[in-house]
Amino acid sequence: MSEAAVLPITVTVTGRSLWADARSRLLRNRAAVASMVVLALITLACLVGPALTGHSYDRVYPDYVRAPASLAAYPYADQVIPAAERIATRARARAEGTVVQGGAVRLTLVSPRPIDERLLAFFERSDLFGPARVVERAEEGRRLLVEAPIEYRTFLFGTDANGRDLLTRTLIAGRVSLAIGLLATIVAITIGVVYGAVAGYAGGRVDTLMMRSVDILYALPFIFFVIMLVVFFGRNFVLMFIAVGAVEWLDMARIVRGQTLSIKRQEYVQAAQALGATPSGILRRHVIPNTLGPVIVYMTLLVPKVILLESFLSFLGLGVQEPLTSWGVLIAEGAKNIQGAAYMLIYPSLFLIATLFALNFIGDGLRDALDPKDR
């Protein structure tokens, strides 16, 4: 009996790239994953929320100035009748028999002279009522039975000192703060990575000259630089991320330069040089891609720093202009009204704090995931 042939078993081992390994390590970090969920929810709320609140961020409600946060709709039952009677006084009449029924207010306007029905437009101009209509006329127009629908509005976060919905303005402010943080970070990362990589790879006098220029820029006071930009170009949204990004790239340039000095001595870079690759090609294909680990980590830490800088500038009055707003502007307004309306400070601060914590935890998770010493 012949022996059965034994066939070799081939096992294919599929390895994981460094980026796949980093992604796996990041997803095992519960704090980082939870922070990414929180940041995604805040971003989604800021993008979609203003369209769902029912208020425009610049709509002013004069009758609801500094209205406290409430789950119940305004106006309250005890506010309707006094408001209707005040409007009757403005219409040069006396209110009698004012009642609330079926989502509307009914009252009889009495005057010694015929009442000008055009004055009923005061009801529509009020934030509490819709267009009024005359139900009955008596005594040759000196007595009118008037009915006006009640306009109910909900202010979950209350209103600010100008009567604007604070929830809508907080979400719009989130758009501005996150946009400035992201755009300024992209500007800083782009300038810093290119500048640092060129300085580190060129070396010699070029490196010395470029880094001494960075040291000189470090000596310029940031606030003085921003004030000069505001004086020459005025306050606007674009100026903020240009001003912040034009300063924050200095740290990124030093980080990338240090990485480049180490990378350019590696064998694969020397092999590319021996094969005749151009310096720009080496920077683009070998040096810059291998510095992305620290760059990504620094980016997640730079975004909250930029948001704080923008909030600080807005607190000083150098930020975005009204009616546009940011978290820094809202916090500055809330600080002025903290005694009578503490909610104006609490809600924007909670959004800012949650965003900063989330970004910092994500940065810590990326640092641990991309650190080669922990593999």
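Its convex hull of Cα atoms gives region 308-375 a direction-averaged projected area, equal to a quarter of the hull surface, of 5.8 nm². Structural descriptor for region 125-252: relative contact order 24 percent, calculated from alpha carbon pairs under 8 angstrom and at least 6 residues apart.
For the chain, report the % of Cα-Cα distances exceeding 27 Å.
Numbers: 45402 of 70125 pairs.
Counting every Cα pair in the chain, those more than 27 Å apart make up 65 percent.
Mean residue ellipticity at 222 nm, helices only, the chain: -19000 deg cm²/dmol; runs of at least 4 DSSP H residues each add -39,500 (n - 2.57), and the sum is divided by the number of residues. For the chain, the longest principal axis of the Cα atoms and the long axis of helix 237-263 meet at an angle of about 20 degrees.
What the pair-distance distribution of region 206-305 shows, using all Cα-Cα distances binned every 5 Å from zero, is 2, 10, 17, 16, 17, 14, 10, 7, 4, 2, 0 percent. Any idea what angle helix 343-370 forms with the longest principal axis of the chain, computed on alpha-carbon atoms, 0 to 90 degrees, nearest 10? In the chain, helix 343-370 runs at an angle near 10 degrees to the longest axis.
Length gained on full extension, residue 78 to residue 220, computed as 0.36 nm times the residue gap minus the Cα-Cα distance: 45.3 nm. Each residue was assigned an accessible area with a 1.4 Å probe, and for residue 357 the value is about 120 Å².
Computed with a 1.4 Å probe on the full set of protein chains, the accessible area for residue 139 sits at about 100 Å².
Working ranking of peptides 141-152, 202-213 by packing, defined as the average number of other Cβ atoms within 10 Å per residue, highest first, is 141-152, 202-213. Residue 305 contributes an accessible area of around 80 Å² to the protein surface, as traced by a 1.4 Å probe with all chains present.
Across the options 49, 191, 326, the greatest Cα extent toward the positive end of the charge dipole of the chain (unit charges at beta carbon of Lys, Arg, Asp, Glu) belongs to 191.
Reported value for region 64-196: 131 Å³ per residue, from the convex hull of its C-alpha atoms.
Quick check on packing: order 66-79, 35-48, 167-180 by the mean number of other C-beta atoms within 10 Å, highest mean leading.
167-180, 35-48, 66-79
Considering all C-alpha pairs of region 138-194, those separated by over 18 Å amount to 66%. For the chain, relative contact order (Cα pairs under 8 Å, six or more residues apart, normalised by length) works out to 21 percent. Between the helical axis of 18-27 and the longest alpha-carbon principal axis of the chain there is an angle of about 40 degrees. Grouping the Cα pair distances of region 25-80 into 5 Å bins from zero gives a pair-distance distribution of 4, 13, 15, 16, 13, 11, 9, 8, 6, 4, 2, 0 percent in increasing distance order.
With r defined as the distance between the Cβ atoms of residue 162 and residue 125 and R0 fixed at 25 Å, what FRET efficiency is calculated, to the nearest 0.05? Let's see the in-between values first.
Numbers: r = 17 Å, r/R0 = 0.68.
For R0 = 25 Å, the calculated efficiency reads 0.90.
Packing, taken as the mean count of other beta carbons within 10 Å per residue, orders the peptides 293-299, 112-118 from highest to lowest as 293-299, 112-118. Extension gain, residue 231-residue 69: 0.36 nm per intervening residue step, less the Cα-Cα distance, totals 54.5 nm.
Where the only charges are on Cβ atoms (+1 Lys, Arg; -1 Asp, Glu), what is the dipole of region 58-135 about its Cα centre, to the nearest 20 debye?
Numbers: 11 positive and 9 negative charges, 45 e Å.
In debye, rounded to 20, region 58-135 gives about 220.
The values are calculated or read from the model by the stated rules, or taken from the named source; none is laboratory data. The structure presented is a predicted model; accordingly, all values stated were derived computationally and were not measured. Every residue, glycine among them, receives a Cβ derived from its backbone with ideal geometry; neighbour counts consider all protein chains shown. Side chains are part of the model used for accessible areas, which takes the heavy atoms of the whole protein and leaves out ligands, DNA and RNA. Shrake-Rupley method; radii C 1.70, N 1.55, O 1.52, S 1.80 Å.
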